[in-house]
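The values are calculated or read from the model by the stated rules, or taken from the named source; none is laboratory data. Since the model is a prediction, treat every value here as computed from it, not as a measurement. A quick note on method: Cβ atoms are made from the backbone with ideal geometry, for glycine too, and the neighbour counts reach across all protein chains shown.
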Amino acid sequence: MDLGIEGKRAIVAAGTAGLGLASAKSLAANGARVVICGRDAARLDAAVKDVGHGCIGVQHDVATHEGAMTFVADAIARLGGVDILVTNGGGPPPGTAIDTPIEMYPAALEQSLLSVIGMCQVALPHMREQGWGRIVAITSISVKQPIAYLALSNTARAGVTGYLKSLARDVAAMGITVNSVQPGIHLTDRIRTVSGEAPDAIAMGIPAGFIGDAGDFGEAVAFFASQQARYITGAHLNIDGGQYAGLQ
């Protein structure tokens, strides 16, 4: 299916590995001009080659709102504008709500909430001026079903969801859509490193019976960026093989 994004200018944060890389690859394969960022120069160069299709890599750290905003501004300068923004980034340290001291929350909110807001605020004026834009945020299934020992991430990403829903309504009449994709467990390099081997889907309570493929996730991101998705905004799609058991 032609997604109608040939030549569109796409910015993907933290696109050197995992779901960010998969999203960049899907957008590029569907004709978008893509800029990605990463902290490590060697990994960034490898990811640029992996994405192909003229992908541009810039070395930035999006763990703070200043860094995130600088990255998007740099990417816009290189592309001459922006049509598609995919926000993404690493998560804060693990810990329970009982044991995590309040002093750790500001950094977590900076990394996983304010950085997203900052990226959107830099991209939005360009999207508003042209009357077309797609914002797709990679968050986590934890915003619907908090994950044990990830109190900081659960809190910050829930805040992102509230912001995105508010923003979606504010810009809906401007030709801009705002959605999020909420991944469960996917077979990325990080999961392989943590697990030591492919985790058991059934043991982890995934009804689909297999661990998610990052490439499939990237295709979902590309669809949200498509012309066909113009009437979808304010949506938060969980991609988890049915692991989330709630009704909403």
Exactly one condition in (1) part of a loop (DSSP other than H, G, I, E, B); (2) β-branched (Val, Ile, Thr); (3) buried (at least 18 other Cβ atoms within 10 Å of the Cβ) is not met by Val178; state its number. (1)
Please enumerate the residues belonging to the range 1-48 that are within 11 Å of Ala222 (Cα to Cα) and in contact with a Leu (Cβ under 6 Å, 6 or more places away or on another chain). Ala10, Asn30
Which numbered condition Asp99 misses (of (1) at pLDDT below 95; (2) more than 18 Å from the chain's Cα centre (by Cα)): (1)
Scanning the range 196-231 residue by residue, the ones that are touching a Ser or Thr at 6+ places or on another chain (Cβ under 6 Å) and not acidic (Asp, Glu) total 4
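Every residue, every condition in (1) at pLDDT below 95; (2) among the acidic types (Asp, Glu); (3) in contact with a Gly (Cβ under 7 Å, 6 or more places away or on another chain), yes or no:
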{"site": "Ala10", "(1), (2), (3)": "no, no, no"}
{"site": "Gly20", "(1), (2), (3)": "no, no, no"}
{"site": "Ser23", "(1), (2), (3)": "no, no, yes"}
{"site": "Ala47", "(1), (2), (3)": "no, no, yes"}
{"site": "Asp50", "(1), (2), (3)": "no, yes, no"}
Filtering the range 157-209 down to residues that are modelled with pLDDT under 95 and on the phi > 0 side of the Ramachandran plot yields Gly196, Gly205, Gly209
Within the range 212-248, the count of residues that are buried (at least 20 other Cβ atoms within 10 Å of the Cβ), in a loop (DSSP other than H, G, I, E, B) and without any contact (Cβ under 8 Å) to a residue 40 or more places away in the chain comes to 0
Looking for something crowded, with 18+ Cβ neighbours inside 10 Å and in a helix (DSSP H, G or I) - is there at least one such residue anywhere in the range 7-14? no
Take the residues in the range 142-172 that are hydroxyl-bearing (Ser, Thr, Tyr) and closer than 19 Å to Gln121 by Cα, then tell me which one is surrounded by the fewest Cβ atoms within 10 Å (Cβ to Cβ). Ser166
Return only the number of the condition from (1) surrounded by fewer than 23 Cβ atoms within 10 Å (Cβ to Cβ); (2) closer than 21 Å to Gln243 by Cβ; (3) within 16 Å of the chain's Cα centre (by Cα) that Asn88 does not satisfy. (1)
Go through (1) touching a residue at least 60 places away in the same chain (Cβ under 8 Å); (2) under 19 Å from Pro92 (Cα atoms); (3) not in a helix (DSSP H, G or I); (4) not aromatic (Phe, Trp, Tyr) for Leu152 and report which single condition fails. (3)
Counting only residues that are part of a helix (DSSP H, G or I) and under 14 Å from the mean Cα position of the chain (by Cα), which one in the range 119-141 is nearest to Tyr231 (Cα to Cα)? Cys120
Of all residues in the range 121-137 being crowded, with 18+ Cβ neighbours inside 10 Å and out of contact with any strand residue (DSSP E or B) (no Cβ under 6 Å at 6 or more places or on another chain), which is farthest from Ala172 (Cα to Cα)? Val122
